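**Student:** So that we are looking at the same thing, I have put the structure below in structure tokens.
The values are calculated or read from the model by the stated rules, or taken from the named source; none is laboratory data. Just so we're clear, the structure is a prediction, and the values are computed from it rather than from any experiment. Neighbour counts run over all protein chains shown; Cβ positions are idealised from the backbone, glycine included.
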Amino acid sequence: MSRAGSSEMPPPQPAPDSHSKPYWEHLARGELAIQRCQACREWQFPVLEFCRRCGGALGYEKLCGEGTIYSYLVQHHNVAPGFDALRPYAIALVTPDEAAHVRLAARIVEAAPDEVRIGQRVRVEIVDLAGGDYKLPVFALLADGASSDAVQGGDPPG
Amino acid sequence: MKREAAIVGIGRTAYSRNSGKTTLAMAVEATRNALADAGLSLNDVDGMVAFSTGDSVSTGAVGYALGLDGLYFQSDVAGGGNVAALVMSQAFMAVESGNCDVAVVYRSLNSCSGHRFGTFAGPIQAGGDSQFSAPHGYMVPGQWFAMWARRHMHTYGTSHDDFGAIAVTYRNHAVNNSHAMARSPLTLEEYHDSRWIMEPFHIYDCALEADGACALVVTTRERARDLKHRPVRLLGHVGYTGKAGLNDQWDDMTCMYSAFVAPRLWDRTGLAPSDMDFACLYDCFTYTALATTEDFGFCEKGEAGSFYRSGRATYGGDIVINPHGGLLSEGYIHGLNHHVEAVLQLRGDAGVRQVEEPELCLVSAGAAAYGSALVYAGD
């Protein structure tokens, strides 16, 4: 038993099942895609075997790759193997433009953690995940910066 | 005639950073102490309820180790702090329905010296829902709640001073609790100077990982009349699990499960927050306590920081919240220790930290998308 990152351990690797395999296959081709109901057109994440709204069959469809930061954290303490050298790093919950009810968790890159803000617009980049053959989506801040809360959805006014 | 149940005994081990004991040995010790406290014998026990996240020992193993020939009712709930009130409700239901006559509820864990979040025996293969988060370095509960806390800061202007006010209030309570692991007074300045774990959380925003066990004994109210202590009754229990516990997908992170539990609990018990004499609120992180203090209606949304800062959550204020110091300062016995404190207070056995003549208390369990809460009354 060792503290995360104190050894040469790689970052956690995904262990796909039959329903999530296409998610990783799309990433391998440089595409971010999540499940969408082929009957009622509802986006769905994380994966299920069928649509939780109508029970319909699901397929994977590409997202445009842009979204808005719903919330974020800055990780200082070492809690995950393979992330020691990256600390402190920011992880955000991103609402993709197509699906206001979906949140994708991913690291924010190419920005200092203290530059990250709720409401900022971001764009996906697909990078290699160390320690294996998988590719991973990360997000970079878009130059046009913060958007209003209005485009985020889901949060009532205080 | 309908059977009514009551808590008649409590027991625990020391809470420490390194017990040097197995979870079995600690569960047995806490159970023996609880039965002795009640004035019951081992042979009276015919039911057991416990919960774990794969880090503890089963009720069957504990019953066997105690020398019992068998158990007529047993329930091993897979869950974390979110089920720490559900297990008590189950024991009450088991006794009231006649499934058993004397039920022991325990939680035993080595959360400090044993398995800890952020430690790993080897490379991680992340399956299920964690395949979408762990490869990003996003894999421990504190990270989920940090997202929630940041959103509350954004919506209401909540500050680190607000989180700090909760850490300081509970620590000041723990100073008067000889069973608490952290008893040195904490100042707001020390809070601000402490290291970050995951922003917006400092180390003092996080529960104190602990080794230990506690246990409670539930039997009929009729039998309680012949036992040693003033019994404690259950007036109502409500639980809620949203989004299958997928915390990242919760609609509005400024409210927790408690926004769903609170109206139903107050409605079904016919009680209001202002009726509570004290509360033991689940506090795996300061933000959990902040959001649930608001959701249960002790103050308005967005006002919990000033509620704590102005002394309304301590002795002489509106209500004493976590008189034992909570998970933040007494220790992380996963929320079952909150029920032990509730019983001590309602019996009038809390010593120097005794709340004045309490009759009613709220105990909450869990955080974010899932949890439960109940109201206890002195008999």
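**Student:** May I ask you to say which residue of B:Tyr156, B:Tyr138, B:Tyr170 is farther than 29 Å from A:Pro81 by Cβ and within 9 Å of another protein chain (Cβ to nearest Cβ)? First the steps, then the outcome.
**Tutor:** Numbers: B:Tyr138 fails: farther than 29 Å from A:Pro81 by Cβ; B:Tyr170 fails: within 9 Å of another protein chain (Cβ to nearest Cβ).
Residue meeting the stated conditions: B:Tyr156.
**Student:** Can B:Ala304 be described as more than 14 Å from chain A (Cβ to nearest Cβ), touching a residue at least 40 places away in the same chain (Cβ under 8 Å) and crowded, with 18+ Cβ neighbours inside 10 Å?
**Tutor:** Details: more than 14 Å from chain A (Cβ to nearest Cβ): no; touching a residue at least 40 places away in the same chain (Cβ under 8 Å): yes; crowded, with 18+ Cβ neighbours inside 10 Å: yes.
When the stated conditions are applied, B:Ala304 does not pass them.
**Student:** For the structure I just gave you, tell me whether A:Leu73 is within 13 Å of the chain's Cα centre (by Cα), among the aliphatic types (A, V, I, L, M) and either away from chain B (no Cβ under 14 Å) or part of a strand (DSSP E or B) (or both).
**Tutor:** Values: within 13 Å of the chain's Cα centre (by Cα): no; among the aliphatic types (A, V, I, L, M): yes; either away from chain B (no Cβ under 14 Å) or part of a strand (DSSP E or B) (or both): yes.
It is false that A:Leu73 is within 13 Å of the chain's Cα centre (by Cα), among the aliphatic types (A, V, I, L, M) and either away from chain B (no Cβ under 14 Å) or part of a strand (DSSP E or B) (or both).
**Student:** Still on this structure, I have one more. Hey, any hits in the range B:231-251 for a residue that's more than 14 Å from chain A (Cβ to nearest Cβ), among the basic types (Lys, Arg) and either surrounded by 23 or more Cβ atoms within 10 Å (Cβ to Cβ) or touching a residue at least 60 places away in the same chain (Cβ under 8 Å) (or both)? First the steps, then the outcome.
**Tutor:** The first filter runs over the range B:231-251 and keeps only residues more than 14 Å from chain A (Cβ to nearest Cβ), leaving B:231-241.
Those still in the list that are among the basic types (Lys, Arg) too: B:233.
Then drop every residue that is not either surrounded by 23 or more Cβ atoms within 10 Å (Cβ to Cβ) or touching a residue at least 60 places away in the same chain (Cβ under 8 Å) (or both), which leaves B:233.
Yes, there is a match, as at least one residue in the range B:231-251 is more than 14 Å from chain A (Cβ to nearest Cβ), among the basic types (Lys, Arg) and either surrounded by 23 or more Cβ atoms within 10 Å (Cβ to Cβ) or touching a residue at least 60 places away in the same chain (Cβ under 8 Å) (or both).
**Student:** What is the number of the single condition among (1) touching a Ser or Thr at 6+ places or on another chain (Cβ under 9 Å); (2) more than 13 Å from chain B (Cβ to nearest Cβ); (3) aliphatic (A, V, I, L, M) that A:Leu58 does not meet?
**Tutor:** Evaluating A:Leu58 over (1) touching a Ser or Thr at 6+ places or on another chain (Cβ under 9 Å); (2) more than 13 Å from chain B (Cβ to nearest Cβ); (3) aliphatic (A, V, I, L, M) leaves (1) as the failure.
**Student:** Another question, if that's okay. Given the criterion crowded, with 19+ Cβ neighbours inside 10 Å and out of contact with any Cys (no Cβ under 9 Å at 6 or more places or on another chain), identify the matching residue among B:Ala94, B:Ala84, B:Ala65, B:Ala78.
**Tutor:** On the way: B:Ala94 fails: out of contact with any Cys (no Cβ under 9 Å at 6 or more places or on another chain); B:Ala65 fails: crowded, with 19+ Cβ neighbours inside 10 Å; B:Ala78 fails: crowded, with 19+ Cβ neighbours inside 10 Å.
Answer to the check: B:Ala84.
**Student:** Step by step: first the residues of the range B:188-230, then only those that are within 14 Å of chain A (Cβ to nearest Cβ) and among the aromatic types (Phe, Trp, Tyr), then the one that is farthest from the chain's Cα centre (by Cα). Which residue is that?
**Tutor:** The residue in question is B:Trp196.
**Student:** Further, regarding this structure: Within the range A:101-144, how many residues turn out to be modelled with pLDDT under 95 and under 12 Å from A:Gly67 (Cα atoms)?
**Tutor:** The qualifying residues number 0.
**Student:** Go through (1) surrounded by 22 or more Cβ atoms within 10 Å (Cβ to Cβ); (2) farther than 29 Å from A:Val79 by Cβ; (3) not charged (D, E, K, R) for B:Tyr204 and report which single condition fails.
**Tutor:** (2)
**Student:** Scan the range A:88-131 residue by residue and report those that are assigned to a loop (DSSP other than H, G, I, E, B), surrounded by fewer than 20 Cβ atoms within 10 Å (Cβ to Cβ) and more than 9 Å from every other protein chain (Cβ to nearest Cβ).
**Tutor:** If the condition is that a residue be assigned to a loop (DSSP other than H, G, I, E, B), surrounded by fewer than 20 Cβ atoms within 10 Å (Cβ to Cβ) and more than 9 Å from every other protein chain (Cβ to nearest Cβ), then A:Asp97, A:Glu98, A:Ala99, A:Ala100, A:Glu110, A:Ala111, A:Ala112, A:Ala130 are the ones that fit.
**Student:** For the range B:274-302, enumerate the residues that are assigned to a helix (DSSP H, G or I), under 23 Å from B:Leu328 (Cα atoms) and of a type outside the set (Val, Ile, Thr).
**Tutor:** If we filter the range B:274-302 for residues that are assigned to a helix (DSSP H, G or I), which is where we start, we get B:274-275, B:286-295.
Subset that is under 23 Å from B:Leu328 (Cα atoms): B:286-295.
Matches in the range B:274-302: B:Tyr287, B:Ala289, B:Leu290, B:Ala291, B:Glu294, B:Asp295.
**Student:** Just give me the residues in the range B:8-57 being of a type in the set (S, T, N, Q), surrounded by fewer than 16 Cβ atoms within 10 Å (Cβ to Cβ) and not in a helix (DSSP H, G or I), in sequence order. Before you say what the answer is, go through the steps one by one.
**Tutor:** Applying the first criterion (of a type in the set (S, T, N, Q)) to the range B:8-57 yields B:13, B:16, B:18-19, B:22-23, B:31, B:33, B:41, B:43, B:52-53, B:56.
Now restrict to residues that are surrounded by fewer than 16 Cβ atoms within 10 Å (Cβ to Cβ): B:18, B:22, B:41, B:43, B:53.
Once the filter is applied, which keeps residues that are of a type in the set (S, T, N, Q), surrounded by fewer than 16 Cβ atoms within 10 Å (Cβ to Cβ) and not in a helix (DSSP H, G or I), the range B:8-57 yields B:Asn18, B:Thr22, B:Ser41, B:Thr53.
**Student:** Output yes when any residue across the range A:9-29 is aliphatic (A, V, I, L, M), within 7 Å of chain B (Cβ to nearest Cβ), within 30 Å of B:His154 (Cα to Cα) and without any contact (Cβ under 8 Å) to a residue 60 or more places away in the chain, and no when none is.
**Tutor:** Just the residues of the range A:9-29 that are aliphatic (A, V, I, L, M), to begin with: A:9, A:15, A:27-28.
From the residues that got through so far, the ones that are within 7 Å of chain B (Cβ to nearest Cβ) too are A:9, A:15.
So of that shortlist, the ones also within 30 Å of B:His154 (Cα to Cα) come out as none.
Looking through the range A:9-29, none of the residues is aliphatic (A, V, I, L, M), within 7 Å of chain B (Cβ to nearest Cβ), within 30 Å of B:His154 (Cα to Cα) and without any contact (Cβ under 8 Å) to a residue 60 or more places away in the chain.
**Student:** Turning to a different aspect of this structure: On the basis of being closer than 30 Å to B:Gly378 by Cβ and of a type outside the set (A, V, I, L, M), does B:Asn172 make the cut? Walk me through how you get there before you give the answer.
**Tutor:** Numbers: closer than 30 Å to B:Gly378 by Cβ: yes; of a type outside the set (A, V, I, L, M): yes.
Yes.
**Student:** Is it the case that B:Val62 is assigned to a helix (DSSP H, G or I) and either at pLDDT 95 or above or touching a Lys or Arg at 6+ places or on another chain (Cβ under 7 Å) (or both)?
**Tutor:** Values: assigned to a helix (DSSP H, G or I): yes; either at pLDDT 95 or above or touching a Lys or Arg at 6+ places or on another chain (Cβ under 7 Å) (or both): yes.
It is true that B:Val62 is assigned to a helix (DSSP H, G or I) and either at pLDDT 95 or above or touching a Lys or Arg at 6+ places or on another chain (Cβ under 7 Å) (or both).
**Student:** B:Arg347 is checked against (1) surrounded by fewer than 24 Cβ atoms within 10 Å (Cβ to Cβ); (2) in contact with a His (Cβ under 9 Å, 6 or more places away or on another chain); (3) more than 24 Å from B:Val49 (Cα to Cα) and fails just one. What number does that condition carry?
**Tutor:** (3)
**Student:** Also: I need every pair where a residue in the range B:99-127 that is buried (at least 17 other Cβ atoms within 10 Å of the Cβ) has its Cβ under 8 Å from the Cβ of a residue that is polar (S, T, N, Q) and modelled with pLDDT under 95, sequence separation at least 6 or different chains.
**Tutor:** Here the result reads B:Phe120/A:Ser2, each pair linking the range B:99-127 to a residue that is polar (S, T, N, Q) and modelled with pLDDT under 95.
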